[in-house]
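Step one of this worksheet: look at the structure below.
Computed from the coordinates by the stated procedures, all read-outs in this text should not be read as laboratory data. Since we're looking at a predicted model, the values are computed, not measured. When we count neighbours, we look across all protein chains shown, and the Cβ atoms used for this are built from the backbone with ideal geometry, even at glycine.
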Amino acid sequence: MSIAATFEIEYLQYLDAEGKPVRKDLPEFTRDLEHMVELYKLMVSTRVFDTKSIALQRTGKLGTYASCLGHEAAHVGIGSAMRREDVLAPSYREYGAQLYRGVQPREVYMYWGGDERGSDFQKAPKHDFAWSVPIGTQCLHAAGAALAFKIRKEPRVAVCTIGDGGSSKGDFYGAINIAGAQNLPLVAVIVNNQWAISVPRRIQSGAKTLAQKGLAAGLFAIQVDGNDIIAVRKAMDDALERARSGQGGSVIEAVTYRLGDHTTADDARRYRGEAEVKDAWTRDPVKRLRAWLESKKAWSEKKEEAWKTECEAWMDEEVNAYLKTRTQPVEAMFDYLYAELPADLVQQREQLLALERGH
Ligand SMILES: Cc1ncc(C[n+]2csc(CCOP(=O)(O)OP(=O)(O)O)c2C)c(N)n1
Ligand SMILES: [Mg+2]
């Protein structure tokens, strides 16, 4: 028998569920404890933000909201590895990555409140893409950005995130295929949270890992413990460096768990058991990094309390700013999709204005 090719998928993990190192070679960046504390603080603020967002939706102040509970290590790991000039093309729940890049909670609220101005980031890079609710399209946008970087010879990387379910879609395969074929600086992160609304990972794909889809495209592929921010960050750092220096794109599968409902429009108790969720909580990413930082004497209960109080005040300020934002006129729904409105929509816009004037 002769072998045409052989492959393997590395699994990367540095901290176990209790925050204890499982290997000795922790990456260089972990020595900078101030930076590690900064990452931890953002994971905590992302969680406080998430809780506030659900409360806002429950009181009728947001349309729908997709929670990121349990994804904090994956998301902050992605955002913190990127440079400002890189481009992020997220799906709809990667707030931890976006907050790191300067997206303001008030902008997230505007988006989920139906105000398109939320996507016009005031502090985050203007070149970052807005949220993508259509599953998978953001991967193609990122591949397009990566192609532009290559043509312009700019040392920049396009990063897209996609769910386990989304990685079954043609858009995802098309994006990674072109990245492999043209050696584009694309990093596609599959945030495998085990569920695509009510469809579990085990019936989503016959592939042993989702990372291996990258191999078929000719990309570097790795699976990481998505609840271990050190592993996510290390895989991201390496992938960004390879892409930036012209050595090609990557697919990173971050294995995590969606601890909340799919969105506020969902009730996950209808399709998944409590025992599974309880078990997943034992691998809570926030608890894990906290335990490691405490073992390094870099964090304490006192600091935790103080930071949570600060986060609450920050989020209250953001909520107030959102609630004070003047709502848009109804015709604004026509104003953000096209640079030049097509004739039929011009007509519909006029009809709407006429209706409003009572004609
Ligand atoms: C093109 C398209 N098809 C279907 C949907 C409906 N939909 C919204 S979320 C979702 C599941 C996505 O699951 P996954 O990719 O695992 O991401 P997660 O929500 O778990 O982060 C589906 C099918 C959609 N938004 N867009
Ligand atoms: Mg999923």
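Suppose every Lys and Arg Cβ carries +1 and every Asp and Glu Cβ carries -1, with no other charges. What dipole size does the chain come out with about its Cα centre, to the nearest 20 debye? Display every interim value, and only then the final one.
Details: 48 positive and 50 negative charges, 95 e Å.
In debye, rounded to 20, the chain gives about 460.
Mind checking which aspartates and glutamates have their C-alpha under 15 Å from K297, skipping anything on the same chain fewer than 8 residues away?
Cross-link targets: D32, E34, E38.
Could you line up T325, T309, T209 from fewest to most neighbouring Cβ atoms inside 10 Å? Walk me through the numbers on the way to the answer.
On the way: T325 15, T309 11, T209 19.
Sorted ascending by nearby Cβ count, the order is T309, T325, T209.
Remind me, relative contact order of the range 10-328 in percent, using alpha carbon pairs under 8 angstrom and six or more residues apart? If you can, show how the numbers build up before the last one.
On the way: 606 pairs, mean separation 80.5, N = 319.
About 25 percent, as a whole number.
Below 22 Å, Cα to Cα, which lysines can K296 reach? Residues fewer than 8 away in the same chain don't count.
K20, K24, K41, K234, K287, K308
Among Y40, A17, A306, whose Cα lies farthest out toward the positive end of the dipole of the chain, if unit charges sit on the beta carbon of Lys, Arg (+1) and Asp, Glu (-1)?
A17
Taking each full run of DSSP H in the chain as one helix, which ones are at least 18 Å long along their axis (Cα atoms) and have mean Kyte-Doolittle hydropathy of at least -0.5?
Values: long enough: 33-58 (38 Å, 0.09); 137-152 (23 Å, 0.64); 229-244 (22 Å, -0.11); 301-324 (34 Å, -1.38); 343-356 (20 Å, -0.18).
Sorted by number, the helices that extend far enough and score high enough are 33-58, 137-152, 229-244, 343-356.
Counting each DSSP H run of 4 or more residues in the chain as -39500 (n - 2.57), what helix-only mean residue ellipticity at 222 nm follows after dividing by all residues, to the nearest 500 deg cm²/dmol?
Mean residue ellipticity at 222 nm (helix-derived): -13500 deg cm²/dmol.
Check the straight Cα-Cα distances from K324 and name the aspartates and glutamates below 17 Å, setting aside those fewer than 8 residues away within the same chain.
Filter leaves E107, D115, E116, D316.
Mind ordering 120-127, 19-26, 135-142, 62-69 by average Cβ neighbours within 10 Å, highest first? Please list the in-between numbers first.
On the way: 120-127: 13.2, 19-26: 11.5, 135-142: 23.1, 62-69: 20.4.
Those peptides, ordered most packed to least, come out 135-142, 62-69, 120-127, 19-26.
Please list, in order along the range 201-214, the HN-Hα scalar couplings obtained from phi with the Karplus expression 6.51 cos²θ - 1.76 cosθ + 1.60 (θ = phi - 60°), rounded to whole Hz, x for Gly and Pro.
Here the 3J(HN,Hα) series is 3, 5, 9, 7, 7, x, 6, 5, 10, 7, 4, 5, 4, x Hz.
Could you list which residues have their amide H under 5 Å from that of V224, counting only those 5 or more apart in sequence or on another chain, with H placed in the peptide plane?
L12, E253, A254, V255
Per-residue counts of other Cβ atoms within 10 Å, averaged by peptide: what ranking do you get for 49-61, 341-353, 78-90, 221-233, highest first? All intermediate terms of the calculation are to be shown ahead of the outcome.
On the way: 49-61: 16.8, 341-353: 12.3, 78-90: 22.4, 221-233: 27.1.
Listed from highest to lowest mean packing, they are 221-233, 78-90, 49-61, 341-353.
Tell me the label-point distance for the pair K24, E301, using the 7 Å Cα-to-Cβ offset, in nm and rounded to one decimal.
Using points 7 Å along Cα→Cβ, the separation is 3.5 nm.
Run a plain Debye calculation on the chain (Cα atoms as equal point scatterers, no solvent) and give log10 I(q)/I(0) at q = 0.06, 0.11, 0.15 Å⁻¹, rounded to two decimals, same order as the q list.
Once normalised to I(0) and log-transformed, intensities are -0.23, -0.77, -1.37.
Can you give me the long-range amide H partners of G163? Hydrogens built in the peptide plane at 1.01 Å from N, cutoff under 5 Å, separation of 5 or more residues or another chain.
It is V191, by chain and number.
Which cross-chain or sequence-distant (5 or more) residues have an amide H under 5 Å from the amide H of L15, H modelled 1.01 Å from N in plane?
The list, which skips near neighbours in sequence, is V22, A231.
Run the simple label-point estimate for R269 and S2 please: 7 Å along Cα→C-beta, distance reported in nm.
Here the modelled spin labels are 6.2 nm apart.
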